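Participant: What follows is a structure written as structure tokens; I'll ask about it next.
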Amino acid sequence: MLRELFFNFCLLISVHSVLRFTFRSWPTSRSGPVSMARLAAFAAATLLLLLFPAQPTPGIVLDARAVPVAFVTLQFGPLPGLLVALPALAYRIWLGGAGVYAAVPSLLAVIGVTALLRRRIPAVGPLFWPHWPSLILMFGANGLPLLLPGGSSIWT
């Protein structure tokens, strides 16, 4: 399992390196075909991360798909974050398994918390680092439904 998590992390770093080239100027445009293509690339990155997960048990997948979604939500807002997350959510539902009941609310919670924190912290750049504890809040709800009574079958 650690090998798969390490590979997923390396894939996240590689995807980040490629996607950063889409940001040619700052602040970046938030509308138009370039912005739509960027959001499509982030959605593809989210799906790519979901294709190579670690599976501790059948139906439970661990990956970094929430990171691109949180970045888009932080940078562009909750609606673009949801648009980037929808293909990953649909694919995760299609995969099924016990963890799907935790995966959907987890990703939606990441979008919600990141949207709430969006006004308080800058999206990127050196000014973000003093706000690194916000990362704990952004990703703290990711996987939290697995800890509830009933675990991965909370809605069955």
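The values are calculated or read from the model by the stated rules, or taken from the named source; none is laboratory data. These figures come from a predicted structure and were not determined experimentally. Areas reflect the complete protein model, heavy atoms only, side chains present, ligands, DNA and RNA absent. Shrake-Rupley method; radii C 1.70, N 1.55, O 1.52, S 1.80 Å.
Participant: Any chance you could run the full-extension gain for Arg20 through Tyr91? It's 0.36 nm times the residue separation minus the Cα-Cα distance, nm to one decimal.
Facilitator: Here the segment from Arg20 to Tyr91 would lengthen by 23.1 nm.
Participant: Any chance you could look up the accessible area of Ile93 with a 1.4 Å probe, heavy atoms only, rounded to 10 Å²?
Facilitator: Around 100 Å² of this residue is reachable by solvent.
Participant: For region 65-107, state the semi-axes of the equivalent ellipsoid (square roots of 5 times the eigenvalues of the alpha-carbon gyration tensor), sorted largest first and rounded to whole angstrom.
Facilitator: Gyration-tensor ellipsoid for region 65-107: 21, 9, 7 Å.
Participant: Once each part is reduced to its C-alpha centroid, what is the distance from region 83-116 to region 1-32 in angstrom?
Facilitator: So the two Cα centres are separated by 19 Å.
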